Amino acid sequence: MSLNNYAKPILKYLLKILVFCILTLFTQIGGILYLIIEVTFKRNTSKYHLKKSGIFLATYLVVTFLIVPYIAQLFGREKIRDTELIEAHSFFTKLCNRNYVTSELQITLKEIAKSFQKQNPEIKLVYLDANFPFINGFPLLPHLSHNDGKKIDISFIYEDHEHLITNKKPSISGYGVFEEPTSQEYDQTGICKEKGYWQYDYTRYMTFGIVNKGLKLSEKATKDLLLAIVKQKQIGKVFIEPHLRYRLGVESPKIRFHGCQAVRHDDHIHLQLK
């Protein structure tokens, strides 16, 4: 057998391993479902690859939306329910099972949203990444700590060109559009990068596209949101860049600097339970 004949099966299996790893890291359950279908689906079926892909997609959707929410309860987690107060910024978050929290955080999010909407009617609490449905300690990449159901990222509030606050966000993912420090503000982002923490602003490459380019940060509404978060007794820590903390004028011992080993937090607010 030639070298090419040896190489092809090896590359084929390496590709399957790569697909398994990617699906597992980004959806938690996708890799397992892929492996099950890969093992059980008969290779002599006509249009093998097309049918296998279709079966995987159908199975993934059924399991994600109809089965996982019930099994997650056994692990102490709940799917965040979209309401008139709270919604996911992206369907991708829900599709990839990144929208699970503990029941305590679910209740806390409702209280934050209610408090915030009293001053900002019809503006929702929009969340980005939360946690996977199963297993404490399982990483939710690229985050360092979203692994126990007690953490979630919340989007800033923005205003349009007419200075009206809106539920719209500037990027498809909700991440990566930064509120840079001014020349008069403390530049923690620059300090971290100067120290060699190259990953500190790599989320600028994870916007998945810029939309609503005319949006600007609503400092008043975002301050209202931050105040609604820190006043909740269940909240233990809140991460936001130092220059925004001082720009918004919110003082609380709960607001911390997340460290240069993480990524910058001037595109969202991270909050977590005690």
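The values are calculated or read from the model by the stated rules, or taken from the named source; none is laboratory data. None of these values were measured; they are calculated from a predicted model. When we count neighbours, we look across all protein chains shown, and the Cβ atoms used for this are built from the backbone with ideal geometry, even at glycine. The protein model used for the area step is the full one, side chains on, heavy atoms only, and it has no ligands, DNA or RNA in it. Shrake-Rupley method; radii C 1.70, N 1.55, O 1.52, S 1.80 Å.
If I go through region 113-144 residue by residue, how many of them are among the basic types (Lys, Arg) and in contact (Cβ under 8 Å) with a residue 40 or more places away in the chain?
Looking only at that region, the number is 1.
I need the full set of residues from region 159-176 which are assigned to a strand (DSSP E or B) and surrounded by fewer than 17 Cβ atoms within 10 Å (Cβ to Cβ), in order please.
If the condition is that a residue be assigned to a strand (DSSP E or B) and surrounded by fewer than 17 Cβ atoms within 10 Å (Cβ to Cβ), then THR166 is the only one that fits.
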Review point. Only one residue in LEU95, LEU125, LEU140 is closer than 22 Å to GLY176 by Cα and surrounded by fewer than 18 Cβ atoms within 10 Å (Cβ to Cβ), so which one is that?
Key: LEU95
Check your understanding: Has region 180-188 got any residue that is buried (at least 16 other Cβ atoms within 10 Å of the Cβ) and either among the hydrophobic types (A, V, I, L, M, F, W, C) or in contact with a strand residue (DSSP E or B) (Cβ under 8 Å, 6 or more places away or on another chain) (or both)?
Key -> no
Point to revise | Residue list for region 106-130, filter: closer than 15 Å to ILE269 by Cα and not hydroxyl-bearing (Ser, Thr, Tyr) | key: LEU109, ILE112, ALA113, PHE116, LYS124, LEU125, VAL126, LEU128, ASP129, ALA130
Exercise for review: Name the one entry in LYS79, LYS110 that is open to solvent by 20 Å² or more (accessible area, probe 1.4 Å), touching a residue at least 24 places away in the same chain (Cβ under 8 Å) and touching a helix residue (DSSP H, G or I) at 6+ places or on another chain (Cβ under 7 Å).
Suggested key: LYS79
Review point. Would you call ARG245 touching a Phe, Trp or Tyr at 6+ places or on another chain (Cβ under 8 Å) and free of Cβ contacts under 8 Å to residues at least 40 places away in the same chain?
Key: no
Study note, to complete from the structure: Checked region 22-56 for anything under 27 Å from the mean Cα position of the chain (by Cα), in a helix (DSSP H, G or I), under 30 Å from ASN136 (Cβ atoms) and not β-branched (Val, Ile, Thr); matches are LEU23, LEU25, PHE26, GLY30, GLY31, LEU33, TYR34, LEU35, PHE56
Review point. Just one of ILE191, ILE229 is touching a Cys at 6+ places or on another chain (Cβ under 8 Å), β-branched (Val, Ile, Thr) and assigned to a helix (DSSP H, G or I); which is it?
Key: ILE191
Review point. Has region 180-187 got any residue that is of a type in the set (Phe, Trp, Tyr) and either in contact with a Leu (Cβ under 6 Å, 6 or more places away or on another chain) or at pLDDT 95 or above (or both)?
Key: no
Check your understanding: Quick one: would you say PHE156 is of a type outside the set (D, E, K, R), closer than 17 Å to THR222 by Cα and surrounded by 15 or more Cβ atoms within 10 Å (Cβ to Cβ)?
Key -> yes
Exercise for review: Working only within region 190-242, note down all residues that are surrounded by 14 or more Cβ atoms within 10 Å (Cβ to Cβ), touching a His at 6+ places or on another chain (Cβ under 8 Å) and more than 26 Å from GLN106 (Cα to Cα).
Suggested key: none
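Among the candidates ALA221, ALA262, which residue alone is under 28 Å from GLY149 (Cα atoms) and either without any contact (Cβ under 8 Å) to a residue 40 or more places away in the chain or under 20 Å from the mean Cα position of the chain (by Cα) (or both)?
Values: ALA221 fails: either without any contact (Cβ under 8 Å) to a residue 40 or more places away in the chain or under 20 Å from the mean Cα position of the chain (by Cα) (or both).
Of ALA221, ALA262, the one residue that is under 28 Å from GLY149 (Cα atoms) and either without any contact (Cβ under 8 Å) to a residue 40 or more places away in the chain or under 20 Å from the mean Cα position of the chain (by Cα) (or both) is ALA262.
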Exercise for review: Check TYR70, TYR60, TYR100 and return the single one that is under 30 Å from HIS268 (Cβ atoms), open to solvent by 90 Å² or more (accessible area, probe 1.4 Å) and among the hydroxyl-bearing types (Ser, Thr, Tyr).
Suggested key: TYR70
